[in-house]
Amino acid sequence: MKMTKTFSRMCVVVAGVATLFMGAMEAVQAGTLTGSFETDIKTVSRTGILTKQNGSNQTITADFKYHDSNLSDISFADEVIKFTSKVNKEDVKSKEATFEIFNDPTTALGRHNSEWGNEIADFRDDVSLGRGGELVLKFTDNALVGSNDSKADLWIFEVGGIDERVDVSISKDGETWYDVGKNVDKDDEVQKSKGIDIDQYFDEYGFTSADRFSYVKLVDDGSNTYEQGWSGADIDAVAAISTVEVPEPTSLLGVLVIGMVGGSSLLKRKVQQDTIS
Ligand SMILES: [Ca+2]
Ligand SMILES: [Ca+2]
Ligand SMILES: [Ca+2]
Ligand SMILES: [Ca+2]
């Protein structure tokens, strides 16, 4: 009888902690987006000031293009780890937009928000890599995962008339990298972005959909146009379509502490009930 009581108390504590831990695991999985990803390029009319080469300003109204998608904000990259621009400033032919506004790697963070398609660059929010330039981004509140099927898991939001090519690799630790192909098919003459299905590489690399990747590296592949001051691939945003939410380490610790306190108070209550009965 005594054995049974002790065993039952242990079960209560284990169940209490397990329930709370499972609650935390459920929250981790809540960020997964399955099967319904959509993206499109839309148009908006805006009025902006165009600064001509001779320094004069002209107010014009023009159409701007922008990326739209149904991704949640959490899917997007959160931190710049490394940026190596290979833009050759000497190549600048069009002086209507300065090199500097395309040289800020933080413009690749967060939700897509760049607007392009005419001479006004005031609404651009993207970073130019230049021939062979490199950008390494990190997901901090989420992680990239496989979808367990051939659906796209990763999307590079590149801006401009045609989608310029980058070589894409992913990493768990920012040190060991796994090549997952390009954002645009090598032989696609229209050069239209495609999502990257990372599952197709899992057999080769020994991963499953349980593996999580926090880092994405983009390297301009040298096949793009380089005659402007903002040459090469122009990165507006990077998103993990197949993603899981990653709780802050402190909040996960909090859940575990609550779990332990909860379990211990359950035990106390159980002991009291045992004493009374
Ligand atoms: Ca994020
Ligand atoms: Ca996939
Ligand atoms: Ca471009
Ligand atoms: Ca942007």
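Bear in mind these aren't lab numbers, they're just calculated from the coordinates by the rules spelled out. The model shown is predicted, which means the values in this text are computed figures rather than measured ones. Note: ideal-geometry Cβ built from the backbone for every residue, glycine included; neighbour counts use all protein chains shown.
Placing +1 on the Cβ of every Lys and Arg and -1 on the Cβ of every Asp and Glu, with no other charges, gives the range 124-167 a dipole of roughly 60 debye about its Cα centre.
In order along the range 108-125, phi translates into HN-Hα couplings of 8, 8, x, 5, 4, 8, 7, 10, 9, x, 8, 6, 7, 9, 4, 9, 6, 8 Hz, rounded to whole numbers, per the Karplus curve 6.51 cos²θ - 1.76 cosθ + 1.60 with θ = phi - 60° and x for Gly and Pro.
Rounded to the nearest Hz, the phi-derived 3J(HN,Hα) couplings of the range 53-70 under the Karplus curve 6.51 cos²θ - 1.76 cosθ + 1.60 (θ = phi - 60°) are 4, 7, x, 7, 9, 9, 8, 10, 10, 8, 7, 10, 9, 8, 7, 10, 7, 9, where x marks glycine and proline.
Near Glu189: Cβ cut-off under 13 Å, other residues only, Lys/Arg at +1 and Asp/Glu at -1. The net charge is -1.
Taking amide H atoms as placed 1.01 Å from N in the peptide plane, the amide H of Phe157 lies under 5 Å from those of Asp236, Ala237, Val238, Ala239, each 5 or more residues away in sequence or on another chain.
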